[in-house]
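Taking it in order: structure first as structure tokens, then the write-up.
Taken together, the values in this text are just the output of simple stated rules run on the coordinates, not laboratory data. Just so it is clear, the structure is predicted and the values come from calculations on it, not from any experiment.
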Amino acid sequence: MSWYVVYVWAGREREVAEALKARLAEEGLSEALEQVVVPPEKIIEVVFSPEKHVSRRFYSGYILVKVQGEGALEVLRSVKGVVGIMGDGKPRPLSEEEAQKLLSQIAVEEIKPKPRYQFMPGDRVRIIEGPFANFHGVVDEVKPDKGKVRVLVSIFGRETPVEIEFTHVQKI
């Protein structure tokens with residue numbers, strides 16, 4: 001059994017995967033299909049406030065299929081919605097390493113929101129939520145992996161570093 005990347009109609013990945021399973025069962029080749037993986041539908045990016053979300057597809061127009069045999073590949077090509085199979089003229093299976101890398105990326109059942117930010121050290125900001133709401137400060141450090149910024153806030157006349165989430169800070 002080998003993994004193949006299949007190009008399908010964008011937005012219809014699940015529909016094509018179900019059609020593929022049904023078609024292989026009709027042809028008596030259901031044992032040639034081990035697994036069909038449809039990438040998650042969305043990645044959500046939080047853009048500066050919890051109310052505004054931007055969605056985009058994750059590997060739109062692709063599914064991963066683990067099949068065996070030329071007959072299964074021929075049936076796969078003939079399924080409505082399949083545009084093609086990755087390869088130079090003929091289907092090229094993924095190496096086990098490539099397949100595991102892709103599967104580990106898309107196996108996440110729940111994709112966490114990825115904050116999009118536009119903060120730079122030295123930016124003046126206002127904290128809009130949390131215990132430091134309505135405080136003003138200066139961005140000292142941006143931590144995109146954590147989704148936070150370190151802001152220097154003046155408390156009792158002394159600058160104090162405070163870690164705040166991107167969504168709780170607003171540029172001024």
Can you work out ³J(HN,Hα) from phi for every residue in the stretch 91-100, in order, using Karplus 6.51 cos²θ - 1.76 cosθ + 1.60 and θ = phi - 60°, giving whole Hz and x for Gly and Pro? x, 10, x, 6, 6, 4, 5, 4, 5, 5
Note the full-extension length gain between residue 21 and residue 34 as 0.36 nm times their separation in residues minus their Cα-Cα distance, in nm to one decimal. 3.7 nm
For the stretch 128-140, take each phi angle, set θ = phi - 60°, evaluate the Karplus expression 6.51 cos²θ - 1.76 cosθ + 1.60, and give the result in whole Hz per residue in order, putting x for glycine and proline. 9, 9, x, x, 9, 3, 6, 7, 10, x, 10, 5, 9
Using amide H atoms built 1.01 Å from N in the peptide plane, name the residues 5+ places from residue 128, or on other chains, whose amide H lies under 5 Å from its own. 134, 169, 170
Long-range amide H partners of residue 94, meaning residues 5 or more apart or on another chain whose placed amide H is closer than 5 Å, are 3, 4, 5
